[in-house]
Amino acid sequence: MHQKKLKGERVGNIPFGYRLGDDMKHVSIEPKEQRIISAAVRLQKQGYSLRSIASNLNVRGYKTRSGAAWHHVYVSGILKSASARSRIAA
């Protein structure tokens, strides 16, 4: 599994902000979802609560991958994932 991950191949679920590539092995960036993550991160840095961020995303018309409205729990998940990925990249 570690070797697959090092090669950029999918291991497990595809994280929000990414999609499965045409080769069905590698993941690539999903621009629309990345914009949602960026918006959530900006709002968090401005001091908004998770519930306020979810409300803001809903007002903007953003939907979760499944097409549902945003809830604070979903926002928490994408912010934790984004934070973990930024620490790995640094």
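The values are calculated or read from the model by the stated rules, or taken from the named source; none is laboratory data. Computed from a predicted model, the values in this text were never measured in an experiment. Every residue, glycine among them, receives a Cβ derived from its backbone with ideal geometry; neighbour counts consider all protein chains shown. Accessible surface areas use protein heavy atoms only, side chains included; no ligands, DNA or RNA. Shrake-Rupley method; radii C 1.70, N 1.55, O 1.52, S 1.80 Å.
Just a few scattered comments:
- Test: residue in region 16-25 that is among the hydroxyl-bearing types (Ser, Thr, Tyr) and either under 13 Å from the mean Cα position of the chain (by Cα) or not in a helix (DSSP H, G or I) (or both): yes
- Selection status of Ala84, open to solvent by less than 50 Å² (accessible area, probe 1.4 Å), modelled with pLDDT under 95 and closer than 22 Å to His2 by Cβ: yes
Condition check ((1) in contact with an Asp or Glu (Cβ under 7 Å, 6 or more places away or on another chain); (2) among the basic types (Lys, Arg); (3) under 21 Å from Asn13 (Cβ atoms)) across all residues:
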{"site": "Lys45", "(1), (2), (3)": "no, yes, no"}
{"site": "Leu50", "(1), (2), (3)": "no, no, no"}
{"site": "Ile53", "(1), (2), (3)": "no, no, no"}
{"site": "Arg60", "(1), (2), (3)": "no, yes, no"}
{"site": "Gly67", "(1), (2), (3)": "no, no, yes"}
{"site": "His72", "(1), (2), (3)": "no, no, yes"}
{"site": "Ser76", "(1), (2), (3)": "no, no, yes"}
{"site": "Lys80", "(1), (2), (3)": "no, yes, yes"}
{"site": "Ser83", "(1), (2), (3)": "no, no, yes"}
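- Of everything in region 1-27 that is small (Gly, Ala, Ser) and farther than 15 Å from Ile78 by Cα, the residue that is most open to solvent (accessible area, probe 1.4 Å) is Gly12.
- Restricting region 28-80 to residues that are β-branched (Val, Ile, Thr) and open to solvent by 60 Å² or more (accessible area, probe 1.4 Å), the residue that is farthest from Lys4 (Cα to Cα): Val59
- Restricting the first member to region 19-35 and to residues that are touching a residue at least 60 places away in the same chain (Cβ under 8 Å), and the second to residues that are open to solvent by less than 50 Å² (accessible area, probe 1.4 Å), no beta-carbon pair is closer than 6 Å while six or more apart or on different chains.
- Subset of region 8-27 (residues that are modelled with pLDDT of 75 or more and either of a type in the set (Lys, Arg) or touching a Cys at 6+ places or on another chain (Cβ under 9 Å) (or both)): Arg19, Lys25
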